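Okay, structure first, notes after.
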Amino acid sequence: LALAGMPELLRPAYGAHGRFDEGEAGRLLAALNERNIGIQDVGLLDAEQRTLATGTLRGRPLTERLPKGYAAEVLAQAAPQMRISPTVSDPDGGEPVLFVARTLMLPDGRRALAVVETTLSYLLDVTLQSHARDGLVSTLELADGRLLAALPPWPERTGRLQPWTVDERADDVGVFEGRDRISGAPSLVAVRRLLGRDAVVTAAVPLEVA
């Protein structure tokens, strides 16, 4: 929602003559940052991946913290869609972080990239923790099958790719008999797609207790 509403949020940064005030844009993004506890940083890049405005001044510039090639990949999309990045280590704080980005059109007609930085722990709190219970195996993955995190934790597979089955790919939300994404045990599996289908949450209960 923060990304989708960015053009309207930034409208006050354009003066009477339509010139973009980077300082005012930074103040607007900083206010957005303060209102959302899950946001570490929020920024705006131009089509050449140069910073137009950022909500914080923490550590290295936002452009240097993004995973290599991530901004170019999002900017290359034919139709704007939110994309989530792989997790990266935050050298300023140590906690793993990831980015969500989307292209948009600014009020002056320029194409830009809006980027939100959040911690992996926060994303887990809002996606997986509600699924925590005995016997349940939950995963948070990218659309390509790359594991971001799992409950119970499974560090051996974090960051690795695992192809999706036909059932797992089928719908935005689905429940079916299959196998959990970690151990492969026969389970009742629920799949839900998030962030414009770019992230996937799975929850699996062993069939003997389902």
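Under a Cβ-Cβ cut-off of 11 Å, what is the net charge of the residues other than LEU207 that fall near it, where Lys and Arg count +1 and Asp and Glu count -1?
On the way: positive: ARG179; negative: GLU177, ASP180, GLU208.
Summing Lys/Arg as +1 and Asp/Glu as -1 gives -2.
Let me have the relative contact order for the stretch 3-66, percent, based on Cα pairs under 8 Å that are six or more residues apart.
Computed value for the stretch 3-66: 24 percent relative contact order.
Starting from the stretch 64-109, pick out the trypsin sites (Lys or Arg not before Pro) whose DSSP state is loop and whose Cβ has at most 11 other Cβ atoms within 10 Å.
Here the sparse-neighbourhood loop sites are LYS68.
Mind checking the angle between helix 22-35 and the chain's longest principal axis? C-alpha axes, 0 to 90 degrees, to the nearest 10.
Long axis of 22-35 versus the principal axis of the chain: about 30 degrees.
Which order do the peptides 154-162, 37-45 come out in when sorted by mean C-beta neighbours inside 10 angstrom, highest first?
Top of the packing list down: 37-45, 154-162.
Nearest 500 deg cm²/dmol is fine: what mean residue ellipticity at 222 nm does the chain get from its DSSP H runs of n ≥ 4 alone, each adding -39,500 (n - 2.57), divided by its residue count?
Using -39500 (n - 2.57) per qualifying helix, the result is -5000 deg cm²/dmol.
Could you tell me which label, among (1) 68, 41, 33; (2) 48, 41, 40; (3) 67, 34, 28, carries the value of Cα extents along the principal axes in Å calculated for this structure?
So the structure-derived entry is (3).
Any chance you could look up the accessible area of ARG192 with a 1.4 Å probe, heavy atoms only, rounded to 10 Å²?
That residue has around 140 Å² of solvent-accessible surface.
Add +1 for every Lys or Arg and -1 for every Asp or Glu among the other residues with Cβ under 10 Å from the Cβ of GLY15, and state the total.
-1
The values are calculated or read from the model by the stated rules, or taken from the named source; none is laboratory data. All values derive from a computational prediction rather than experimental measurement. Because the Cβ atoms are built from the backbone with ideal geometry, glycine has one as well, and the counts that use them run over all protein chains shown. Areas reflect the complete protein model, heavy atoms only, side chains present, ligands, DNA and RNA absent. Shrake-Rupley method; radii C 1.70, N 1.55, O 1.52, S 1.80 Å.
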